[in-house]
Amino acid sequence: SSCLLLALPTKLSTSMAFKVAAAARRAVWQRGLLPVQSKLPLVAPCGVRRFSRNSWESGDDVDLDSVAYGFMASQALFTGLEVGVFDQIATAGEKGCSAEVLQKACGVEGPRMTTLLTALTAVKCVRRDPNGLYTLSPNTAKFMVTTSKQYYGDYLLYQIGRQFYHRMGALPEVMKTGKAPSYASWFSDPEVAKTYTQAQHNGSVATAKYLVKKKLQLGGIESMLDVGGGSGAFSYVFTEATPGLKSTVLELPEVCRTGESIKTQQSKDIQDRVNFVELDATSPDWPVSDNSFDIVLMSYISGSVPESVILPLYKNAFKALRPGGRLLVHDFMVNDSLDGPALGALWGLQHVTVNAHGLGLCPAEIIQRMGQAGFEQQKCEAHEMIQGMTKLIVAHKSA
């Protein structure tokens, strides 16, 4: 589970290079946590990635060229990560380094390295001085260099660049035929499951920490069910924040194997309190007792299953929860008006390529099904999570 990303374009510009630059800048998100209906300004908290995406919604018409050519900027960024350009420039320090040095360091011969550097300069990932020396932009230095504490390049490189980017190429065929691999079949490949889960882990940990710190009051809960919990990131963070809390992670077999490996990196106390159970969460019967959990978490599950499965999932969660327990649904969502935000909408579209019969999510659709599952619909809470991309819906089981 956790935070995903799509590199696509943005606003009108006077030259193609600037259009592609704008496209790349929209490939990143700002984390925030405000009520969905909040009138407060959207200000990112200290230490959170902050980028402007206002141009997605600016103007009255589409910038067709930016949309059409944005994929080129995505691949420039992914390739820079793949061949080690950003790490090598960072090693050179403030003085920068030349294309010739980067050719040798990255093992890329010929003029194509300069061509890549020119593209990365145009999209503002790197800067070139009059002497032909390259340095990193502030955002690139902060987030795309492996030695940085805020590095998330592996997520972009392995999950977005190597998996979702190519899967999006199947969208026209999926739209016409309604046929696409399910996440379960996709993850049956051990390498796919490993790549996806490892790349997702760091982003999920950051999201979970922010949720616990800024919004969700865990209180004295004792038991948690993490449905489709991936690496177990949310469970590790929740148990660390709550003495005595035990969590059960339900996941597909191959994902569990990677999750168990990541679990060994946690403290002995956390390892003892987090347990993985192999299961396709869409199964009608979960291997858990009724009325036995204080929290059921579903992060990135509702948008990853067929629409017909969502209500049964929520009914299973209702049965598993103790009276007074809470269901937490975190996922890519658009506003109830179905007109944006753009990145939430694009992620919903991406899900179609691996979930052809899924539902494009918005709070109203989620809350309606929560009510049908037995939760107190009038008490459901909707919150903004990853700004412009995901939302959190909290449902309560009556005490």
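What to note about this one:
- Condition broken by S337, with the remaining ones in (1) assigned to a loop (DSSP other than H, G, I, E, B); (2) over 21 Å from the mean Cα position of the chain (by Cα); (3) closer than 30 Å to N291 by Cα satisfied: (3)
- For the stretch 135-170, the tally of residues that are part of a helix (DSSP H, G or I) and of a type in the set (S, T, N, Q) stands at 4.
- Test: residue in the stretch 288-300 that is over 22 Å from R322 (Cα atoms), surrounded by fewer than 20 Cβ atoms within 10 Å (Cβ to Cβ) and in contact with a strand residue (DSSP E or B) (Cβ under 7 Å, 6 or more places away or on another chain): no
- Some residue of the stretch 171-178 being of a type in the set (V, I, T), assigned to a helix (DSSP H, G or I) and under 18 Å from L77 (Cα atoms): no
- Single residue of L313, L328 found to be assigned to a helix (DSSP H, G or I) and either touching a Phe, Trp or Tyr at 6+ places or on another chain (Cβ under 9 Å) or at pLDDT 95 or above (or both): L313
- In the stretch 301-322, the qualifying residues are those that are small (G, A, S) and in contact with a His (Cβ under 8 Å, 6 or more places away or on another chain), and the one that is surrounded by the fewest Cβ atoms within 10 Å (Cβ to Cβ) is S308.
- Test set (1) modelled with pLDDT of 85 or more; (2) more than 28 Å from A382 (Cβ to Cβ); (3) outside any loop (DSSP other than H, G, I, E, B); (4) open to solvent by less than 70 Å² (accessible area, probe 1.4 Å) - T118 fails condition number: (4)
- Single unsatisfied condition, D154 versus (1) open to solvent by 10 Å² or more (accessible area, probe 1.4 Å); (2) modelled with pLDDT of 90 or more; (3) farther than 18 Å from G93 by Cβ: (2)
- Subset of the stretch 225-239 (residues that are closer than 16 Å to Q271 by Cβ, touching a helix residue (DSSP H, G or I) at 6+ places or on another chain (Cβ under 6 Å) and not small (G, A, S)): D226, F234, Y236, V237, T239
- Residue in the stretch 334-343 that is under 21 Å from G228 (Cβ atoms) and open to solvent by less than 10 Å² (accessible area, probe 1.4 Å) present: no
- Test: residue in the stretch 125-134 that is part of a strand (DSSP E or B), in contact with a helix residue (DSSP H, G or I) (Cβ under 7 Å, 6 or more places away or on another chain) and of a type in the set (V, I, T): yes
- Unique match (being of a type in the set (F, W, Y) and over 18 Å from E376 (Cβ atoms)) among F293, F276, F318: F276
- Taken over the stretch 227-286, the criterion of being β-branched (V, I, T), open to solvent by less than 60 Å² (accessible area, probe 1.4 Å) and either in contact with a Gly (Cβ under 8 Å, 6 or more places away or on another chain) or assigned to a loop (DSSP other than H, G, I, E, B) (or both) is satisfied by T242, V249, V255, I262, V274, T282.
- Reported count of residues in the stretch 373-397, each being open to solvent by 10 Å² or more (accessible area, probe 1.4 Å) and either assigned to a strand (DSSP E or B) or of a type in the set (S, T, Y) (or both), is 6.
- Every condition in (1) without any contact (Cβ under 8 Å) to a residue 60 or more places away in the chain; (2) surrounded by fewer than 19 Cβ atoms within 10 Å (Cβ to Cβ) holds for K214 except the one numbered (1).
- Filter result (buried (at least 19 other Cβ atoms within 10 Å of the Cβ), in a loop (DSSP other than H, G, I, E, B) and of a type outside the set (A, V, I, L, M, F, W, C)) within the stretch 344-372: T353, N355
The values are calculated or read from the model by the stated rules, or taken from the named source; none is laboratory data. For clarity, every value in this text was computed on a predicted model and none was experimentally measured. Here the Cβ is made from the backbone with ideal geometry for all residues, glycine too, and neighbour counts use every protein chain on show. The area values use the complete protein model at the heavy-atom level, side chains included, leaving out ligands, DNA and RNA. Shrake-Rupley method; radii C 1.70, N 1.55, O 1.52, S 1.80 Å.
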